[in-house]
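For reference, the structure discussed in these notes is given below.
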Amino acid sequence: LGMIIWGSLMYFAEQGTWNGSVRAWEVLDDGVLVRNPFESIPACFWWAIVTATTVGYGDAHTPRTPAGKTVAGFYMTWSLCVLALPIGVIGNNFSQVWREYDVEKTDEKEMKARQERMLLKSLVWSDPLSFSRHLLVEIWHDFGFSSGQGGEIQAEFMGEAEVTLALNQQEAITKRRLRLPLQSNMEKARRKVRGYITMEYNWTPAAPHLNSLLEGDLHLTIVKAEDLIKVDWLGHRNPDTFCVVVVHPRSPDIDGNVDKVVRRTGIDYNTICPVWNMSVSFHYHWTPEGSKKRIEAEMRRVSSTVGTSSQKLMARTRSRPVAAPELTVAMEPAEEKSRGVGSMRLDRMDDTVPVLHGQVDELKAAMSSLEMQVRQSRQDIDLILSVVRGFPVGVAVT
């Protein structure tokens, strides 16, 4: 609509004089009659578009008459108000919405991490051997070159699978086969994955004794994977895949830290259904003392988290100081002399005591809020423990 209106105004403003011999409008340019570039209303639309969009190609569509320059000035102002300002507002709103989206995604990621940490803590509290039974299997695509001083291999994440093995001190396990679906991990690669991994394990427990909660030998065979995604950058071939196994066979140290043991298979080239058939062995030895240290470490972490929350709450309470009212007493000189120092102290105490009562009330309210948070945390932990105790130990596929 603006293009039609302003194009029409420019046509009439720059119309000039009609030359019948050439059948065109002409205008004076430095004292010379030249062909008017605004020869029709549709021809003025081009000038209207490049002016409104602030492009200005610098072609012959330049007004020469005072009326045409006036129309052009008003049209430039109008286009700034109609186009330039809304574009700035839209861009600002888009940036704000994008920042809010980033904050929301960050909060979701932190919440998911907190839930996972709480679940792991609950597993530790309910079962000290949860880490020993945990098995992580990752599948990677090898690019074929390494980087870094240590010769680290650059690889692309293709999925992972986690399982809790049925390891105990009383029962041996022979040729138990598992077929697990691969899951994505956005911290390792932002992509969807698919496929399955098949493995088989044997468990031979050692003779039980007092200084051992779990001891024995685990023999694990990574058999194959199926229907993996294609991530090769070349595009005309399948990935070169290898598998990484992560277990925790050793008991926690004196600080409650659990060391992981990592094993890697060979590379099966140019296939989405690799077959490794690689066997690895691990000797497990978890002691009561190590498991106790692990639980104590988790308790200390929880206590530090609660302590930090209470400190923040108390800091917020202390950040609202209540100033004691200033005493303004108008007395005659004779009366001021007659009143002793003790009387003045009593007056100040009478004014200060209500302030102290108010601060004590605020402290009680803060403690009540803290007790409610602790009570809610305990309820959440009890709920998680009840769910965790109902988890199946593993999924066996024969």
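The values are calculated or read from the model by the stated rules, or taken from the named source; none is laboratory data. As the structure is a prediction and not an experimental result, all values here were calculated from the model. Here the Cβ positions follow ideal geometry from the backbone for every residue, glycine too, while neighbour counts run over all protein chains shown. Remember, those area values only see protein heavy atoms, side chains included, never the ligands or the DNA or RNA. Shrake-Rupley method; radii C 1.70, N 1.55, O 1.52, S 1.80 Å.
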query = How many percent of the alpha carbon pairs in the stretch 58-108 exceed a separation of 16 Å?
reply = 63
note = One finds, for E110 and T221 with R0 = 30 angstrom and r their Cβ-Cβ distance, a FRET efficiency to the nearest 0.05 of 0.20
task = Sort the following peptides by mean Cβ neighbour count (other Cβ atoms within 10 Å, averaged over residues), highest first: 213-219, 99-105.
result = 213-219, 99-105
query = Round to a whole number: what % of the accessible area of the stretch 179-232 belongs to carbon and sulfur, probe 1.4 Å?
reply = 48
request  = Can you tell me the FRET efficiency between V261 and N92 if r is taken as the Cβ-Cβ distance and R0 is 35 Å, rounded to the nearest 0.05?
outcome  = 0.10
task = Taking all protein chains together and a probe of 1.4 Å, list T204, T198 from the most accessible to the least accessible.
result = T204, T198
message = Sorting check: for 370-377, 65-72, which peptide has the highest mean count of neighbouring beta carbons within 10 Å, and how do the rest follow?
response = 65-72, 370-377
request  = Scan around Y284 for amide H atoms under 5 Å from its own, H built in the peptide plane at 1.01 Å from N, and keep only partners 5 or more places away or cross-chain.
outcome  = G216, D217, L218
key: Difference of contour (0.36 nm per residue) and Cα-Cα distance, E289 to Q154   = 44.7 nm
ask   = Between A166 and L136, what is the label-to-label distance in nm when each label sits 7 Å out along the Cα-to-Cβ direction?
value = 2.5
request  = Of the listed pairs K105/K364; K109/K192; K112/K364, which have alpha-carbon separations greater than 26 Å here?
outcome  = K105/K364; K112/K364
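On full extension of the chain, what length is gained from M299 through L80, given 0.36 nm per residue of separation minus the C-alpha to C-alpha distance?
Length gained, M299 through L80: 72.5 nm.
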task = Take C243, C273 and sort them by solvent-accessible surface of the protein heavy atoms, 1.4 Å probe, largest at the top.
result = C273, C243
